[in-house]
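In what follows, a single structure is set out as structure tokens and then discussed.
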Amino acid sequence: MKKVTYFHFEGCPYCRQCNEVIKELIAEHPEYAKVEFEHIDEHEQPEIADQYDYYANPSMFIGKEKIYESHLFESKEECRTHVEEVFRRAMED
């Protein structure tokens, strides 16, 4: 199982939506709870955020590979599709 690096920041509406999606997906797929997330608030840890190539929050990486990056006006369903892919990729051997 691979660790997910999750970039976000307090007060971001897309990050709040993403957190809801993560909780919903774990409730539906309890095996997803095994995936480890490293939460990085880009405002509190800019020295880490600067090491990754992304523009928008939330963004998720496995290693240095960007798996998901939100975009302006992203719907909850779009977010869900992308976050589910993150979980799937993290669980691959």
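No lab work stands behind these numbers, since they all come straight from the coordinates. Treat the numbers as computed from the prediction; the structure is a model and nothing was measured. Quick reminder, even Gly has a Cβ in these numbers, built from the backbone with ideal geometry, and neighbours come from all protein chains shown.
Data table
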quantity: Number of positions in region 45-64 that are in contact (Cβ under 8 Å) with a residue 24 or more places away in the chain and surrounded by fewer than 12 Cβ atoms within 10 Å (Cβ to Cβ); calculated: 1
quantity: Subset of region 1-25 [farther than 22 Å from GLY63 by Cα and either of a type outside the set (A, V, I, L, M, F, W, C) or surrounded by fewer than 17 Cβ atoms within 10 Å (Cβ to Cβ) (or both)]; calculated: GLU10, GLY11, PRO13, TYR14, ARG16, GLN17, GLU20, LYS23, GLU24
quantity: Pairs with Cβ under 6 Å, 6+ apart, first in region 66-80 and on the phi < 0 side of the Ramachandran plot, second basic (Lys, Arg) and crowded, with 17+ Cβ neighbours inside 10 Å; calculated: none
